[in-house]
Amino acid sequence: MSHKNLNPVNAKKPKRIAIVLSNPANSSTTGWPVGFWWSELTHPYYHLTEKGHEVEIFSYFGGKCEADAMSNPEDPSQWQAEDVISRGYLHDPAFLSLLEHTKPAAAIDVNAFDAIIFAGGQGPMFTIAKAHEAVQKFADFYEAGKLAVALCHGVAVLRHAKLSDGTFIAAGKTITGFANVEEDFADEAVWNMGALPRGQHLMPWRIEEEMRSMGANFIQAGLWKGFAIRDGNLITGQQNFSGTETAEVLLKALGE
């Protein structure tokens, strides 16, 4: 079946990667339904599977996953209209079926995977605080010396992920994520739409500000620039235009 027959490039010993998505929720600021961002799932999935690696999709709590509407390249907003990778997967029934009944992150066997990726979207900002088992799984991968990856607002996991000694993984690490300059852009967009009163933020808190307050060395490449960085076995990607860059850094770390 599609997405089961692997490209034979690494047929002898493919790596296994778990991608974890936010479950659907409602934004506490706009009231909009929120979830994962298409490109932050599909771009890593595409690049990893093209290299012959096995990718399995999970979610924080299990069950059906839904994407932020504006992340759909066929959305009237046209915000991601150039995203041909997601456009292709959106017309692939076998791929879409993978999102219907995801297993919870708690079911991931750390010993059976080489890396874990927390994708972003608006959803994580409203769901991660209650996703205790998913956060712990991210920390388990990190402490096991395996590759722990977070992309865009998926970096929200680092607000909670701790080492077994109680210290935050983010402390002292060089990381990236959805930057303040991008939050400012998004805020201006929703204000102009009339979806929020001017001055009220789209997000309940900000990745860059929180990471800096936790002692991380937060860096970014500029507004909507594709960017990812590795610090040891922690990999972070800046935003929704960084799925490919994040996959490339991960592939290099996997030995490609």
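The values are calculated or read from the model by the stated rules, or taken from the named source; none is laboratory data. This structure is a prediction, so every number in the text was calculated from the model and none was measured. Methodologically, a virtual Cβ is constructed for each residue, glycine included, from the backbone with ideal geometry; neighbour enumeration extends over all protein chains shown. To get the accessible areas, we keep the full protein, side chains included, count just its heavy atoms, and leave off ligands, DNA and RNA. Shrake-Rupley method; radii C 1.70, N 1.55, O 1.52, S 1.80 Å.
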Ranking HIS101, HIS43, HIS153, HIS91 from most to least accessible area with a 1.4 Å probe gives HIS101, HIS91, HIS43, HIS153
In the neighbourhood of ALA119 defined by beta carbon distances under 12 Å, the net charge of the other residues (Lys, Arg +1; Asp, Glu -1) is -2
The set of residues whose placed amide H lies less than 5 Å from the amide H of VAL20, leaving out same-chain residues fewer than 5 positions away, is PHE58, ILE117, PHE118, ALA119
Using alpha carbon centers only, the stretch 142-159 is separated from the stretch 16-45 by a whole-angstrom value of 15
Residue-ordered couplings for the stretch 19-34, obtained by feeding phi - 60° into the Karplus form 6.51 cos²θ - 1.76 cosθ + 1.60 and rounding to whole Hz (Gly and Pro as x), are 9, 10, 10, 6, 6, x, 8, 10, 5, 7, 9, 9, x, 5, x, 10
Expected unfolding gain across THR167-GLU74 under the 0.36 nm per residue rule, minus the alpha-carbon gap, is 29.2 nm
Summed over the other residues with a beta carbon less than 14 angstrom from that of HIS43, with K and R at +1 and D and E at -1, the charge totals -4
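For a quick check of your reading of the filter: which trypsin sites (Lys or Arg not before Pro) in the stretch 43-145 sit in a DSSP loop and have no more than 14 other Cβ atoms within 10 Å? It would help to have the intermediate numbers written out before the result.
On the way: sites: LYS51, LYS64, ARG87, LYS130, LYS137; in loops: LYS51, LYS64.
Listed in order of number, the matching sites are LYS64.
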Simple spin-label estimate for GLU188/ASN217, 7 Å along Cα→Cβ, in nm, reads 3.0
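Starting from the stretch 152-256, pick out the chymotrypsin sites (Phe, Trp or Tyr not before Pro) whose DSSP state is loop and whose Cβ has at most 16 other Cβ atoms within 10 Å. Let's see the in-between values first.
Numbers: sites: PHE168, PHE178, PHE185, TRP191, TRP205, PHE218, TRP224, PHE227, PHE241; in loops: PHE178, TRP205, TRP224, PHE227, PHE241.
Loop-located and lightly packed - TRP205, TRP224.
Let me have the 222 nm mean residue ellipticity of the chain computed from DSSP H runs of 4+ only, each contributing -39500 (n - 2.57), with the sum over all residues rounded to the nearest 500. Show your work: numbers first, answer last.
Details: 8 runs with 73 residues, N = 256.
About -8000 deg cm²/dmol.
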Lys and Arg at +1, Asp and Glu at -1: neighbours of ARG230 with Cβ under 14 Å from its Cβ sum to -1
Once both label points are put 7 Å beyond Cα along the C-beta direction, the VAL110-GLU82 separation in nm becomes 4.0
Counting only protein heavy atoms and rolling a 1.4 Å probe, one gets per residue an accessible area for the chain in Å² of 43
Too long for a 30 Å Cα-Cα cut-off, among LYS51/LYS130; LYS51/LYS146; LYS51/LYS162, are LYS51/LYS130; LYS51/LYS162
Per DSSP, the loop-located chymotrypsin sites (Phe, Trp or Tyr not before Pro) within the stretch 26-95 having at most 15 other beta carbons within 10 Å are none
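Roughly speaking, what is the stretch gain from LYS225 to ASP92, that is 0.36 nm per residue apart minus the C-alpha to C-alpha distance, in nm to one decimal?
Stretched fully, the LYS225-ASP92 segment lengthens by 45.0 nm.
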Matching label for the computed Rg and Dmax of the Cα atoms in Å, out of (1) 17.1, 49; (2) 17.0, 56; (3) 18.3, 55, is (2)
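For the stretch 117-256, what is the convex hull volume of the alpha-carbon atoms per residue, in Å³? Please list the in-between numbers first.
Working: hull volume 13.6 nm³, N = 140.
Spread over its residues, the Cα hull of the stretch 117-256 gives 97 Å³ apiece.
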Pseudo-spin-label distance LYS130 to GLN200, built 7 Å along Cα→Cβ, given in nm, is 2.1
Dividing the surface of the Cα convex hull of the stretch 1-126 by four yields a projected area in nm² of 7.9
